[in-house]
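Engineer: Just dropping this structure here.
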Amino acid sequence: MCTRILVPVDLNNASKLTKALGIAAKMAREHDATVVYAGVVDAVPTPSTKTEDQLAKEALDSFAAEQAREHGIKTADHIALRRDLHLNVGSELIQSAKDTDCDMIVMASHVPGFVDHILSSNAGYVASHAPMSVYVVR
């Protein structure tokens, strides 16, 4: 069914991803698929000699290795630079899935609030615009 599963990850809120991570890992084991953890970072200067995307890549590498050990799955990771700071990250997530040849996206979402009825949520945008299957987890 699927060979590569993209899971958007915000490492600052990793505790809210437990259900999505578990579902992606289960699917990966069942289909011998690879889970690709994707992060989207802003292209901003840092006080370090490393750029924001380099710092995020190091953290995501560690996260992916930890998930591989914990769930017994194949993992990879991908960092995308956010092109427009005023828009949600949905388009970057879809492009990340395309760039990494993913045929499924599993992403966490929250219960929609009032603002989500005015502005699209990231999960709503991805589910509406992605050319591959999207599994949204609450």
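The values are calculated or read from the model by the stated rules, or taken from the named source; none is laboratory data. All figures in this text were calculated on a predicted structure; none of them were measured in a lab. Note that we place each Cβ from the backbone using ideal geometry, even for glycine, and neighbour counts take in every protein chain shown.
Engineer: Go through (1) under 19 Å from Met132 (Cβ atoms); (2) among the aliphatic types (A, V, I, L, M); (3) modelled with pLDDT under 95; (4) not in a strand (DSSP E or B) one by one and return the number of the condition Ala14 breaks.
Structural biologist: (1)
Engineer: Being closer than 9 Å to Ala108 by Cβ and either over 12 Å from the mean Cα position of the chain (by Cα) or not aliphatic (A, V, I, L, M) (or both) is the filter here; which residues of segment 11-26 pass it? Even if it seems obvious, please write down each step before you answer.
Structural biologist: First, the residues of segment 11-26 that are closer than 9 Å to Ala108 by Cβ: 13, 16-21.
Of everything in segment 11-26, those that are closer than 9 Å to Ala108 by Cβ and either over 12 Å from the mean Cα position of the chain (by Cα) or not aliphatic (A, V, I, L, M) (or both) turn out to be Asn13, Lys16, Thr18, Lys19.
Engineer: Sticking with this one: Which condition number in (1) surrounded by 16 or more Cβ atoms within 10 Å (Cβ to Cβ); (2) modelled with pLDDT of 95 or more; (3) under 16 Å from the mean Cα position of the chain (by Cα) is the one that Ile73 fails?
Structural biologist: If we test Ile73 against (1) surrounded by 16 or more Cβ atoms within 10 Å (Cβ to Cβ); (2) modelled with pLDDT of 95 or more; (3) under 16 Å from the mean Cα position of the chain (by Cα), just (3) comes out false.
Engineer: Among (1) touching a Lys or Arg at 6+ places or on another chain (Cβ under 7 Å); (2) loosely packed, with under 14 Cβ neighbours inside 10 Å; (3) at pLDDT 95 or above, where does Thr100 come up short?
Structural biologist: That leaves (2) as the condition not met.
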